[in-house]
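The values are calculated or read from the model by the stated rules, or taken from the named source; none is laboratory data. Worth saying up front: this structure is predicted, and the values here are computed from it rather than measured. When we count neighbours, we look across all protein chains shown, and the Cβ atoms used for this are built from the backbone with ideal geometry, even at glycine. The area values use the complete protein model at the heavy-atom level, side chains included, leaving out ligands, DNA and RNA. Shrake-Rupley method; radii C 1.70, N 1.55, O 1.52, S 1.80 Å.
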Amino acid sequence: MVVSGEKPTLIRKVVRDGKEVLVRHDGRLVDQMRPIRIEVGVLSNADGSALVEYGGTRVIAAVYGPKEAMPKYMSLPDRAILRCRYHMAPFSTAERKTPALTRREVELSKVLREALEPVVLTELFPRAMIDVFVEVIQSDGGTRTAAITAASLALADAGVPLKDLVAGVAVGKVDGVLVLDLDEIEDNYAEADMPVAMAPSLNQVVLLQMNGVLTLEEFHAALQLARKGILEIYRLQKEALRRKYAEVKVEG
Ligand code: ADP
């Protein structure tokens with residue numbers, strides 16, 4: 001997004017418990033995520049669904065399928081096709097946002113598909129299709145990574161066989177310092193931002209994008225920082241899935 005006006009100071013040195021630490025504009029430490037909320041099975045009309053919040057960023061993912069591919073000519077003889085749509089609701093930003101799919105949303109739909117394809121066992125469902133819809137309800141930076149986190153959970157909730165879950169987070173360089181989980185204001189003024197998603201148990205990076213410039217050392221450190229955040233999210237993803245199935249057991 002284009003920003004105008006003077007760049008605000010986003011990172012300050014403060015003394016906490018007698019020690020000097022770097023604190024971000026919202027009070028977080030440089031390696032701290034925003035508060036995360038994850039819920040699975042939030043929509044009654046989808047086969048699988050999930051709600052994910054990273055601070056003020058809130059996304060909902062819904063999955064339909066595997067089902068017979070429609071139109072039929074799109075079907076593949078050896079595997080299911082995965083169709084993904086990333087969309088920002090017109091009310092998700094403070095600015096005017098067209099309800100129609102923008103070029104950015106078309107690109108992010110592709111990014112979402114490419115991040116999920118490595119973990120979905122599509123070969124188990126020849127000629128079928130799996131639809132993944134992500135709606136950004138509220139945006140405050142990191143929507144693509146929250147979208148990936150939510151989509152993999154919605155797939156799991158739909159009972160689609162997966163090799164692993166996928167979790168994502170953005171890292172970047174703000175005021176010359178590497179930070180975890182950028183919010184919108186940090187994203188707008190960052191010297192670099194790098195969304196990363198991984199399938200942690202497969203130890204596979206499924207999304208790696210970069211806007212801006214990092215040195216090679218910074219890149220390695222940023223990747224480690226992303227990994228730390230991703231492992232935290234992964235733990236919460238598994239907890240959310242367990243919670244849902246524990247509830248089902250009690251009801252049954
Ligand atoms: P991400 O959401 O994955 O960080 P971007 O870097 O493209 O993706 O966007 C950063 C943030 O800028 C978004 O999370 C959102 O808060 C804001 N933003 C992006 N596109 C728009 C838009 N069309 N209108 C208003 N805000 C937007």
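Output the number of the condition that residue 222 fails; it satisfies all remaining conditions of (1) under 21 Å from residue 53 (Cβ atoms); (2) of a type in the set (A, V, I, L, M, F, W, C); (3) part of a helix (DSSP H, G or I); (4) within 16 Å of the ligand (Cβ to nearest atom).
(1)
Among the residues of region 68-96, write down those that are open to solvent by less than 80 Å² (accessible area, probe 1.4 Å), in contact (Cβ under 8 Å) with a residue 24 or more places away in the chain and closer than 26 Å to residue 125 by Cβ. Before the answer, list the steps.
Of the residues in region 68-96, the ones open to solvent by less than 80 Å² (accessible area, probe 1.4 Å) are 69, 71, 74-76, 80-82, 84, 86-90, 92-93.
If we keep only those that are in contact (Cβ under 8 Å) with a residue 24 or more places away in the chain too, we end up with 69, 74-76, 80-82, 84, 86-89, 92-93.
If the condition is that a residue be open to solvent by less than 80 Å² (accessible area, probe 1.4 Å), in contact (Cβ under 8 Å) with a residue 24 or more places away in the chain and closer than 26 Å to residue 125 by Cβ, then 69, 74, 75, 76, 80, 81, 82, 84, 86, 87 are the ones that fit.
So residue 132 fits all but one of (1) within 14 Å of the ligand (Cβ to nearest atom); (2) of a type outside the set (Ser, Thr, Tyr); (3) in contact with a strand residue (DSSP E or B) (Cβ under 7 Å, 6 or more places away or on another chain); (4) not in a loop (DSSP other than H, G, I, E, B); what number is the exception?
Unmet condition: (1).
Would you check which residues across region 10-40 are touching a residue at least 24 places away in the same chain (Cβ under 8 Å), assigned to a loop (DSSP other than H, G, I, E, B) and under 23 Å from residue 91 (Cα atoms) and list them?
Across region 10-40, the qualifying residue is only 34.
Give the residue, chosen from 154, 61, that is open to solvent by less than 30 Å² (accessible area, probe 1.4 Å) and either in a helix (DSSP H, G or I) or without any contact (Cβ under 8 Å) to a residue 40 or more places away in the chain (or both). Even if it seems obvious, please write down each step before you answer.
Numbers: 61 fails: either in a helix (DSSP H, G or I) or without any contact (Cβ under 8 Å) to a residue 40 or more places away in the chain (or both).
So the residue among 154, 61 that is open to solvent by less than 30 Å² (accessible area, probe 1.4 Å) and either in a helix (DSSP H, G or I) or without any contact (Cβ under 8 Å) to a residue 40 or more places away in the chain (or both) is 154.
Quick check on residue 171: is it at pLDDT 95 or above and within 14 Å of the ligand (Cβ to nearest atom)? Don't jump to the end; show me each part of the working.
Details: at pLDDT 95 or above: yes; within 14 Å of the ligand (Cβ to nearest atom): yes.
In short, yes.
Hey, residue 110 hits all of (1) surrounded by 18 or more Cβ atoms within 10 Å (Cβ to Cβ); (2) within 17 Å of the chain's Cα centre (by Cα); (3) not aromatic (Phe, Trp, Tyr) but one; which does it fall short on?
The one condition residue 110 does not meet is (1).
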